[in-house]
Amino acid sequence: MIDFDPATGTYYKPVDLNDPYLLAQDGLPPSDGNPQFHQQMVYAVAMRTIRNFESALGRRALWAPENDQFVRQLRMYPHALREANAYYSPQKKALLFGYFQSSPADPTEHLPGGIVFTCLSHDVIAHETAHALLDGMNRTLTEPSNPDVLAFHEAFADIIALFQHFSLPEVLRFEVARTRGNLLHGNLLAQLAQEFGKAIGRTEALRSAIGQTPKPEEIDQVTEPHQRGAILIAAVFDAFLAIYRQRTADLYRLATGGTGKLPEGDIHPDLVTRLAREAEKASQHVLTMCIRALDYLPPVDVTFGDYLRALISADFDIMPDDSLGYRVAFMEAFRRRGIFPREARSLSEESLRWEGPDINIADVAPQVYLGRDLSHQMRDWNMSGNREVIFSQLQQARGIAQNIIESSRGYKERITVGLDLDRFPFEVSSIRPGGAVSHGCRGRDHAKATGIHRQDHRRRAYGRWK
Ligand SMILES: [Zn+2]
């Protein structure tokens, strides 16, 4: 955390969160005018976002390297700019937050002339941190080889911000009571999205997609990254709603004596509590699914359809039994927004799942058995390993994988579906460790807690190159 304000040339004293006085009162109380509270806010939300990533993926997060060198920490500047903006800088490996004098269209929204700090918005901080985490995992997601690539980066950062926001119990209890449990009715996400938009000066794109009737033709017409990204966010939100409805159907039956019609007026506080708990669980599961799917994306040229395939494959690997219909909810929601994978035969779960390679690597490259060699190399990449050690092991593992592919001609031809890699330069951009999955009937909450996952699309991962 570096709290220097270039506009005034001021350094603000850093907050010491280990100060016994602060620990005793659970940190500084919220205060717009206290720069130390701003630092605490940015730190807390960024750490929460990082923790969500790490527990979903089952391993430490790494920041994007600088000239191939290890980057220990992400830098955060709570008062970096005097403008209505906040961004992640891939060059500086830093999050920069702006502040500005508000001039709201509707003066009842903010005090005119009041200062708005983007570093005080949970959603802005989570969004920018998600950009940084995504950049650390996949450097090629900023190369716009098709209209979905940049839109995906933006949409993904919004999805993280919004579902992380939803998983805060206080937010949900309030909203569930206000909308009588019907989260679509109150257009909760659209409202959060607007707050988010206001804080960084854009509202239109999200408002236009979320909570609106899906128009499947839109995906062929919209190319501006934020607007196109809004279609993906809306699809994920629709899936969340379907999951929430599924999880609460029994509660509604109980509360309404089977009629499905709630009586007029406020709903019972006990029902609010139970519905909010289901919404919180559903949000946390959707958030985890969305993060975990990153490991199943092709390394370059990502499309929304690829993301759907990744979501389905990742979830199947960790949760073969989909009794709550999460995967069906995602497939249906994406279909209604016109998002189809280019090459899938149909929109069934079987045809959406990535297939493993149809050859055994040990057969074609017996001199260096890829699986064993690399899993040994990556054994420390878990939740507790040292990031710097993991980083250097990963660099070595990439070199080993590159050599194996270089030296095994038959394998190279077959994994790239008949294309000869001798004629193209290629790069192993990342190696991810995978764990064995227990196919027992464990619940989603167990899977969430352990963060186990398995990568099952090596052919696909190696089948594309840069
Ligand atoms: Zn962004």
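Note on region 314-329: residues that are small (Gly, Ala, Ser) and open to solvent by 30 Å² or more (accessible area, probe 1.4 Å) amount to 1. Of the residues making up region 129-175, just one is free of Cβ contacts under 8 Å to residues at least 40 places away in the same chain, within 16 Å of the ligand (Cβ to nearest atom) and surrounded by fewer than 20 Cβ atoms within 10 Å (Cβ to Cβ), namely Pro144. Out of Pro30, Pro6, Pro90, one residue alone is more than 30 Å from Thr288 (Cα to Cα) and not polar (S, T, N, Q). It is Pro6. The residues on offer are Leu22, Leu17, Leu62, and the sole one that is outside any helix (DSSP H, G or I) and open to solvent by less than 50 Å² (accessible area, probe 1.4 Å) is Leu62.
The residues of region 65-87 that are in contact with a Leu (Cβ under 9 Å, 6 or more places away or on another chain) and either assigned to a helix (DSSP H, G or I) or open to solvent by 30 Å² or more (accessible area, probe 1.4 Å) (or both), listed by number, are Phe70, Arg75, Tyr77, Asn85, Tyr87.
Could you say which residue among Met47, Met41 is on the phi < 0 side of the Ramachandran plot, without any contact (Cβ under 8 Å) to a residue 12 or more places away in the chain and either away from the ligand (no atom under 16 Å from the Cβ) or assigned by TED's automatic domain parsing to the domain that holds Ser429 (or both)?
Working: Met41 fails: without any contact (Cβ under 8 Å) to a residue 12 or more places away in the chain.
Answer to the check: Met47.
Within region 108-123, can one find any residue that is within 15 Å of the ligand (Cβ to nearest atom), open to solvent by less than 10 Å² (accessible area, probe 1.4 Å), assigned by TED's automatic domain parsing to the domain that holds Phe37 and at pLDDT below 90? Yes, the conditions are met somewhere in region 108-123. Of all residues in region 89-103, those that are among the basic types (Lys, Arg) have Cβ atoms under 7 Å from Cβ atoms of residues that are surrounded by 15 or more Cβ atoms within 10 Å (Cβ to Cβ), 6 or more apart or on another chain, in Lys92/Arg75; Lys93/Trp63; Lys93/Ala64; Lys93/Val71; Lys93/Leu74; Lys93/Arg75.
The values are calculated or read from the model by the stated rules, or taken from the named source; none is laboratory data. All values reported here derive from a predicted model rather than from experimental measurement. In this analysis, Cβ positions are derived from the backbone assuming ideal geometry, glycine residues included, and neighbour counts consider all displayed protein chains. With ligands, DNA and RNA removed, areas are computed over all heavy atoms of the protein, side chains included. Shrake-Rupley method; radii C 1.70, N 1.55, O 1.52, S 1.80 Å.
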